[in-house]
1. At a probe size of 1.4 Å, how large is the accessible area of Leu128, to the nearest 10 Å²?
2. How much accessible area per residue does the range 51-141 have, counting only protein heavy atoms and a probe of 1.4 Å, in square angstrom?
3. Here are some pairs, Lys42/Lys118; Lys86/Lys137; Lys40/Lys97; Lys49/Lys168; Lys64/Lys97; which of them have Cα atoms lying more than 18 Å apart in this structure?
4. What are the ³J(HN,Hα) couplings of the range 80-87, residue after residue, when phi is run through the Karplus curve with 6.51, -1.76, 1.60 and θ = phi - 60°? Round to Hz, x for glycine and proline.
5. Show the residues, 5+ positions off or on another chain, whose built amide H is closer than 5 Å to the amide H of Asn104.
6. For Tyr101, Tyr75, Tyr147, what's the largest-to-smallest order of accessible area, 1.4 Å probe?
7. What is the sum of charges, Lys and Arg at +1 and Asp and Glu at -1, for the other residues whose Cβ falls under 9 Å from the Cβ of Tyr147?
8. Got a number for the accessible area of Thr148? Probe 1.4 Å, square angstrom, nearest 10.
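The values are calculated or read from the model by the stated rules, or taken from the named source; none is laboratory data. Note that the structure is a prediction, hence the values are computed from the model and not measured. Quick reminder, even Gly has a Cβ in these numbers, built from the backbone with ideal geometry, and neighbours come from all protein chains shown. When the accessible area is computed, the model is the full protein with side chains, heavy atoms only, and any ligands, DNA or RNA have been set aside. Shrake-Rupley method; radii C 1.70, N 1.55, O 1.52, S 1.80 Å.
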Amino acid sequence: MKKILLFIIITLLSCTNKKSNKTEPIIPDNSLIKNTEEKKEKEIIDSVKHNFLDVQKTKNSPVKILSAKLLKNQYSDHKDIQLTYKNITQKNIQAIKFEWYCENVFDKPASGQFFFVKGISRGHTDILLKSRKVESKIWEDFSTDAYTIIAARAYYVVFADGTKWELKQETGMHLD
């Protein structure tokens, strides 16, 4: 009886130690896909940021941004932005469209008005701005996590005489 029991134990042990001929499923390495997607996202972010930092684009702007400040909104956790700007032309300005690019505390594009393009927000004014005059305006609730303003600029200006000025965009990105 001892021999039979010993035989059964040895047989069971040998069966559990045998390597299975079954192949394990191959789990794809998503890190390659993730790294490629992150690289593409970083390239897009860098391109948008570079576009805003390119001062050559705004050198002929009829509106000069004197200051751009983030303000805490007293009614919510959103941030407001205050732009102070000057009409540097001889003509009166009827309307101005502005845009700004902000980043959060992690140096990533901040949340904003546009779901598909983070970091960029826009605002406009249609209050007459006389020649050489300075004005300031606050846009409320534009971001929940903006920490720093990278750049702000006018991108479309309508003069009182009906003529217009538009920032030259090389990216082909139109948000209107």
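1. It works out to around 80 Å².
2. 58 Å²
3. Lys40/Lys97
4. For the range 80-87, the Karplus-derived couplings read 10, 10, 10, 10, 10, 9, 9, 7 Hz, x marking Gly and Pro.
5. Ala110, Tyr147
6. Per-residue accessible area, sorted high to low, gives Tyr75, Tyr147, Tyr101.
7. Counting the neighbours of Tyr147, the net charge comes to -2.
8. 50 Å²
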